[in-house]
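Please read the structure below before turning to the comments.
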Amino acid sequence: DAAPCQDLALTAWAFAALAVRNVPLINVLSHASQQRITQFNPQNLSNTAWALASLKVVDRPMLAAVANQAVSMVGEFDPQNFANTTWAFAKLGVANPTLLAAVSAAAIGRMESFKPQELANIAWSCATLMVLDDTLMDAVAKGALQTFEEFDPQNLANMLWSWAALVVHNKPLLTALSQKALQTINEFTLQELANTSWACATLPEHNAPLLHAGSIRAMAILPGELQRALHESKRGPQSAQLFLVGICGLAWSCSQVFLAEVERCVCVRVCL
């Protein structure tokens, strides 16, 4: 009962990192944490939110307490605190406009200190919750343009997907991200390929070279991905579901770009 705040947050974090979902323990930690929430520092708050999201626990009273405390001390957050907290709420599908507004106001002027994953998490969170904050997205874009060479495939895929989902067309950023993705396409997983391909097909200017390269990469890894999905399906259906979602996403993206090209050719012939 007298557990310090850090112990509560780190215990939740540890079980989440091990993917151990112990509901009685989570309930005890939640109750104790809510009683001490005003004593939580930014790291405790972000660790707790991250743990709930990683374990897929939608504990609304606990999340509300985290959000209220985070708003009161958002000026003390570092980039990782911003990114992990917003990611957690988005991952759980819990929109908290007050929290997001506070994060936006505090983070906008500090984007130059954000790492690629932190920038990608902020963008992904906004897109997942369908919150279009033009000022925040412009700041994220500015930070990303300075660091896009350091982006890994997951960061690239999430950033491209986020801009497409929010229907935000930032040509300099999208060009830079697409070029980097094209250079590293052979490192992409099936899910990353699916997200990138969907973005290519959804954005106003279809990126056919990137989509083509993604298709070749997908064909190369499909047999291995299928075997892995079948093997892991013995422990649960999630891997097989992700595999099917990835395949469907790739197929839809390719069809959209193909149809757009057919339409363009027909228009050219009609004009001639």
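Sorted into 10 angstrom bins from 0, the C-alpha pair distances of the range 160-228 split as 21, 54, 21, 4 percent. Rg and Dmax, both from the Cα atoms of the chain and both in Å, are 20.7, 81.
Using a 1.4 Å probe, what is the accessible area per residue for the chain, in Å²?
Working: 13770 Å² over 272 residues.
I get 51 Å² per residue for this part.
Which residue, Val140, Leu160, Gln39, has the largest displacement toward the positive end of the dipole of the chain when charges sit on each Cβ (Lys, Arg +1; Asp, Glu -1)? Farthest along the dipole direction, towards plus: Leu160.
Below 15 angstrom from the Cβ of Ile216, what's the summed charge of the other residues (Lys, Arg +1; Asp, Glu -1)? Surrounding charge for Ile216 is -2. Counting only protein heavy atoms and a probe of 1.4 Å, the accessible surface of the range 16-55 is 57% carbon and sulfur. The long axis of helix 190-202 is offset from the longest Cα principal axis of the chain by roughly 60 degrees.
From the P(r) of the range 55-147, can you give the percent of Cα pairs sitting at distances over 24 Å?
13 percent
Scoring 208-221, 22-35 by mean Cβ neighbours within 10 Å over their residues and listing the highest first yields 208-221, 22-35.
The values are calculated or read from the model by the stated rules, or taken from the named source; none is laboratory data. Worth saying up front: this structure is predicted, and the values here are computed from it rather than measured. Please note: Cβ atoms are built from the backbone with ideal geometry, for glycine as well, and neighbour counts cover all protein chains shown. Each accessible area value is taken on the protein alone, full model and side chains, heavy atoms only, with ligands, DNA and RNA left out. Shrake-Rupley method; radii C 1.70, N 1.55, O 1.52, S 1.80 Å.
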